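To start, the structure itself, in structure tokens.
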Amino acid sequence: MFKVKFNQYLEIVNDELKKYRIDYECYQSKLFDSVNYSLMADGKRLRPIILLAACEMAGGNIEDALPFAIGLEMIHNSSLIHDDLPAMDDDDLRRGRPTNHIVYGEATAILAGDVLLVRPFEIMAENINNKHKAEALRIIAKAAGSEGMMGGQQIDLDSENKAVDKDTIIKLNQLKTGALFKAAVTAGVVIAGADDKRIKSAEKYGDELGLAFQLVDDLLDNDINADTGKTKGSDVSSNKSTYLSLYGEEKCRELVHASTINAAESLSVFGEEARFLTELVKNLENRVK
Ligand code: GRG
């Protein structure tokens with residue numbers, strides 16, 4: 001049942017993303033190709049799926065949430081392109097394929113990342129017809145910026161090649177990875193017109209899911225058998241401070257489990273309607289990519 005529902009959401013997201021392909025011939029076609037290359041790649045689409053499911057959980061409908069789900073996935077893709085650049089993590093593999101700058105060159109990859117950061121705001125702005133959607137846009141923008149994902153990336157850059165304390169590692173991950181997950185679930189319920197109590201529950205779910213997700217990410221980066229589509233062991237080779245370096249493998253697994261339970265419990269206010277998101281976080285505990 002969960003898998004069927006997940007695949008329905010996935011299809012909705014991928015079909016909608018295809019509508020945003022731009023590939024007519026023109027002077028700047030190389031930029032369109034570069035954007036399409038990353039956006040159409042085989043991503044898990046978790047953030048848009050969470051946003052859509054959260055909106056439905058809170059009694060809203062998919063049509064209202066879709067432009068925001070697509071916007072969020074584009075912002076995520078933008079961050080992946082920039083994260084892989086030589087000035088950042090300098091990776092040459094993403095989603096099982098050469099990274100954007102390896103294929104299109106560094107300058108075009110920077111522009112493609114920029115396009116995927118501004119296009120979402122055009123799409124979301126075109127679809128604002130009530131105060132809930134305006135608030136969703138604000139939530140997503142804040143989560144992407146210097147008090148969210150970009151801020152987390154700065155802490156990450158500043159933490160390379162040196163010992164950093166536990167609080168720094170936690171803050172880094174809450175912002176770099178957690179912020180967009182939290183925005184996904186929060187924006188979803190906000191679009192549905194949820195009250196403060198339900199918004200707080202959604203935020204808690206986002207925090208706990210973000211933590212569990214990053215813990216598993218660190219474990220997978222270190223697992224030679226995992227098929228992540230990324231270069232293995234890059235955290236260690238770039239001398240990064242991660243949850244794995246902080247806690248070790250066993251403790252990481254315990255924490256993943258605890259956060260998974262906390263995330264699921266935080267949605268109790270939504271009753272049966274929370275079933276999909278509860279199952280989702282449980283499935284992510286054992287993800288292999
Ligand atoms: C230009 C928007 C923008 C940001 C600049 C580079 C940067 C600041 C931030 C990097 C943020 C980043 C890449 C965080 C890592 C988050 C993470 C765990 C990504 C992997 O997410 P998955 O596994 O990827 O959901 P797929 O490929 O499935 O979509």
Rounded to whole Å and sorted largest first, what semi-axes of the equivalent ellipsoid does the C-alpha gyration tensor of the stretch 150-289 yield via the square root of 5 times each eigenvalue?
28, 17, 12
Greater than 27 Å separation of Cα atoms is the criterion. Which listed pairs, Lys44/Lys197; Lys3/Lys133; Lys142/Lys204; Lys18/Lys200; Lys162/Lys200, meet it?
Lys44/Lys197; Lys3/Lys133; Lys18/Lys200; Lys162/Lys200
In straight Cα distance, which aspartates and glutamates are under 14 Å from Lys282, not counting same-chain residues fewer than 8 positions off?
Glu208, Glu254, Glu265
What accessible area, in Å² to the nearest ten, does a 1.4 Å probe give for Met40?
60
Per DSSP H run of at least 4 residues, take -39500 (n - 2.57); add these up for the chain, divide by its residues and hand me the 222 nm value, nearest 500 deg cm²/dmol.
-22000 deg cm²/dmol
Estimated dipole of the stretch 152-194 in Debye, rounded to 20 [Cβ of Lys and Arg +1, of Asp and Glu -1, Cα centre]
160
Residue order for Ile199, Ile169 - accessible surface, 1.4 angstrom probe, largest first
Ile199, Ile169
Could you do me a favour and compute the accessible area per residue for the chain, 1.4 Å probe, result in Å²?
47
Using a 1.4 angstrom probe on heavy atoms only, work out the carbon and sulfur share of the accessible area of the chain in %.
51
Could you put Cys26, Cys55 in order of accessible surface area, largest first, with the 1.4 Å probe and the full protein assembly present?
Cys26, Cys55
Full-stretch length increase - Asp92, Arg21 - with 0.36 nm per residue and alpha-carbon distance subtracted:
23.2 nm
Taking only the Cα atoms of the stretch 92-164, how large is their convex hull per residue, in Å³?
134
Report Rg/Rh for the chain, rounded to two decimals, where Rg is the Cα radius of gyration and Rh the Kirkwood radius.
0.95
What is the spread of the Cα atoms of the stretch 214-277 along each of their three principal axes, largest first, in whole Å?
44, 24, 17
Could you sort the peptides 245-257, 211-223 by per-residue average Cβ neighbour count (10 Å cutoff), highest mean leading?
211-223, 245-257
Hey, which of these cross-link pairs are over 30 Å Cα-Cα: Lys131/Lys166; Lys19/Lys289; Lys30/Lys131; Lys182/Lys289; Lys171/Lys289?
Lys131/Lys166; Lys30/Lys131
In whole Hz, the Karplus estimates of ³J(HN,Hα) for the stretch 91-100 (6.51, -1.76, 1.60; θ = phi - 60°; x where Gly or Pro) are 9, 10, 9, 8, 6, x, 9, x, 5, 4
Using only the Cα atoms, what convex hull volume per residue in Å³ does the stretch 1-133 have?
116
Whole angstrom only: what separates the Cα centroid of the stretch 114-137 from the Cα centroid of the stretch 200-251?
30
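The values are calculated or read from the model by the stated rules, or taken from the named source; none is laboratory data. Bear in mind that the values here come from a model prediction, so they are computed numbers and not experimental data. Cβ coordinates were reconstructed from backbone atoms using ideal geometry, including for glycine residues, and neighbour counts include every protein chain displayed. Keep in mind that these areas ignore ligands, DNA and RNA; they rest on the heavy atoms of the full protein, side chains included. Shrake-Rupley method; radii C 1.70, N 1.55, O 1.52, S 1.80 Å.
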